[in-house]
Amino acid sequence: MADYRVLLVDDHQVLREGLKALLQNANGIMVVGEAEDGRQALDECRTTVPDLVVLDLNMPVMDGLSTLPLMRRRWPQLRILTLTSRVTEQNAAEALDAGADGYVLKRSPGEVLIRAIHTLRAGKPFIDGQLDPAQVAALRKEGTEQSGITLTERERQILKLVAEGSRNRDIAELLRISLKTVETHRLNLMKKLDAHNGADLTQWAFKLGVCRNE
């Protein structure tokens, strides 16, 4: 089996160097790039084509929560593992809603990070053992219910396709509707969700359960 290609994203060089040394000694994992903020991370994803991104949440220029929906929209198959000092279930719920597949705490042993990477590679989600996964799931459900937002079936279809990176013209062809109809639905979605761009729509797609992280 080919090595799993990993991109490291954190604004602290010392931490990146430590992670790189740890992962290079792990079987089946290859570090293919590094970035110190979300904007650099998006550039590195284009050039290095990783299978998985280890992403910090607290970064300058563009933080992890802003980066997550953009990554998810542009590369739907990319696995994204947040590695962070944010230690509450609420923080984990927010990251998963934004598009993360897993959540690991920086204070955990290195073996936890390696196990998380292999778990995501197998197509399964991962929540750090220091957090309560049931509470994380409950918070995500509660956030969805409290939003009080109801979408039509067509709106859900279009929101899902937007989150997967489809262009308006592609959506029109796939759903066999006019381009103008797609544009109208997209504008209505942005008003209904108070979204300002595609990244916002992608984040809502996960929060509302239109897309899943599995």
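The values are calculated or read from the model by the stated rules, or taken from the named source; none is laboratory data. All figures in this text were calculated on a predicted structure; none of them were measured in a lab. Neighbour counts run over all protein chains shown; Cβ positions are idealised from the backbone, glycine included.
Per the conditions (1) over 19 Å from Thr67 (Cα atoms); (2) touching a Leu at 6+ places or on another chain (Cβ under 7 Å); (3) crowded, with 17+ Cβ neighbours inside 10 Å; (4) among the hydrophobic types (A, V, I, L, M, F, W, C), the sole criterion not satisfied by Val182 is (2).
The set of residues in segment 1-31 that are assigned to a loop (DSSP other than H, G, I, E, B) and out of contact with any Lys or Arg (no Cβ under 9 Å at 6 or more places or on another chain) comprises Met1, Ala2, Asp3, Asp11, His12, Asn25, Ala26, Asn27.
Each row is one residue, and each column tells you yes or no for (1) within 20 Å of the chain's Cα centre (by Cα); (2) in contact (Cβ under 8 Å) with a residue 60 or more places away in the chain.
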position: Arg140; (1), (2): yes, yes
position: Arg156; (1), (2): yes, no
position: Arg167; (1), (2): yes, no
position: Arg176; (1), (2): no, no
position: Lys191; (1), (2): no, no
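Of all residues assigned to segment 78-85, none qualifies as being touching a helix residue (DSSP H, G or I) at 6+ places or on another chain (Cβ under 6 Å), buried (at least 18 other Cβ atoms within 10 Å of the Cβ) and on the phi > 0 side of the Ramachandran plot. For segment 86-121, the set of residues classified as of a type in the set (S, T, N, Q) and surrounded by fewer than 17 Cβ atoms within 10 Å (Cβ to Cβ) consists of Thr88, Gln90, Ser108, listed by residue number.
Only residues that are in a helix (DSSP H, G or I) and either surrounded by fewer than 14 Cβ atoms within 10 Å (Cβ to Cβ) or touching a Lys or Arg at 6+ places or on another chain (Cβ under 9 Å) (or both) were counted in segment 32-48, giving 6. Go through the residues of segment 99-109 one by one and say whether even a single one is assigned to a helix (DSSP H, G or I) and either at pLDDT 90 or above or touching a His at 6+ places or on another chain (Cβ under 8 Å) (or both). No, because not a single residue in segment 99-109 is assigned to a helix (DSSP H, G or I) and either at pLDDT 90 or above or touching a His at 6+ places or on another chain (Cβ under 8 Å) (or both). Residue count for segment 41-99 under the criterion of being of a type outside the set (A, V, I, L, M, F, W, C) and more than 12 Å from the chain's Cα centre (by Cα): the result is 17. Of Ala137, Ala205, all but one fail to be assigned to a helix (DSSP H, G or I), under 30 Å from Pro50 (Cβ atoms) and at pLDDT below 85; the exception is Ala205.
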